[in-house]
Amino acid sequence: MTTGTGYYIYAIGDAEALAELDGIPGIDDTAVVPVTHGQLSALTSVVHLDSFSTVQQATAVTETSWLAHAVRAHERVALQALDRGPVLPMRFGTVYARGADVQDMLRRRHAALLAELHRLAGATEWSLKVRIEQSTDQPAEAPSAAGSGTAWLLARQAALQARSQRTDRLTECVEQVRAELAPQVRDIAVSRPLDGATDTVRIWLLADDAERLAAALEPVRARWSPAGCTLELTGPWPPYHFLRGDALEPVTTPTGQPEVRP
Amino acid sequence: MTLPNSGNYPSASRSGDTLADLLERILDKGIVIAGDVVVNILDIELLTLKLRLLIASVDTAKQMGIDWWQDDPFLSRDARALQQENQQLRQRVYELEGTAQPAGDTQPDDVRGARE
């Protein structure tokens, strides 16, 4: 069991813009404190480390669990930062031992973090949930109550076939939507849902112009809707899916000491 | 520093984010400062795997082909009916062949099915 406290980091952004967020509630309703170095601030708050240990042993993740509260607090702080300008959201669960360590990290990585912030300036992340509906003209999966083995097998076969066709249609839809929206956005990423659902795929879009994205989506949506493919757009979100890791790799001098990247 | 503000959008589109949506969006994403001394409090990979298992709904599991309960006589009426039919057919075969049903052939499930 971990004991003690640490400095949790929510996001990094422009020091001036984030100064306004001093004191907003974070995890466990503890006040958020911007830790600043140069032009950058990291939004932090003090957390109890044993809360995180409890998460590891959790048997259920429900809306009322501590994890749900912490994840929502993380996102709420990152969203408030986003409302004030470009932001680099941290991965959930990043904690430094002391505030001085956070400041040291900002000092050593100032150039790389600032470059990444400038690269993402003006763009926000959007989530497009692509879902394929279950066709109504397909036979029901449940076999008839009559209990004929042949009928059951036929129904089962038809259901499996329908499922496979749905998956193919979803793949086709995702490919086309991706191709059509690509010219309208800066970057695109695709991911499968965490829960393993086979009827849904997420397309992540890094967009400069939300209205242009929404307008470009309309004809695509109209085309795919009759085929049972629904498209749900939400955002703007912090750019979780478009951060470049290479700018944040450890940098060392010949003496082995970490240093600010040139 | 002058960076364009990126927050001039209606916030209405942000509503309706379920916990599953949120976890999917942020859980293993975001900046990781490699090589720094960070208190390593969360094994994110482990946690992600755990969440993946926990938030998988019955419907999802079914789509993934995890539908063993459909064939479990305790959980599915159709399976029970099939078990019963199977038992009757087997009995009929033994009768036609003029042999007695071997004692070891009666599985506990068959017995349960026949009694329903």
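Numerical summary
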quantity	calculated
Difference of contour (0.36 nm per residue) and Cα-Cα distance, A:ASP50 to A:THR167	37.9 nm
Stretchable slack from A:ALA159 to A:SER225, in nm (0.36 nm times residue separation minus alpha-carbon distance)	21.6 nm
Förster radius 41 Å - calculated FRET efficiency between A:ARG76 and A:SER148, Cβ distance, rounded to 0.05	0.15
Dipole magnitude (debye, nearest 20) for the range A:124-238, charges at Cβ of Lys, Arg, Asp, Glu	300
Under-5 Å amide H pairs with A:ASP187, H placed in peptide plane, nonlocal only	A:LEU206
Förster radius 22 Å - calculated FRET efficiency between A:GLU16 and A:ALA100 (Cβ-Cβ, nearest 0.05)	0.50
Rough spin-label spacing in nm, given labels placed 7 Å along Cα→Cβ, for A:ASP29 and A:LEU233	3.8
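Just so you know, all these numbers are worked out from the coordinates, no wet-lab data involved. If you're wondering where the values come from, they're calculated on a predicted model, not measured in any experiment. Counting neighbours? That spans all protein chains shown, and the Cβs are built from the backbone with ideal geometry, glycine included.
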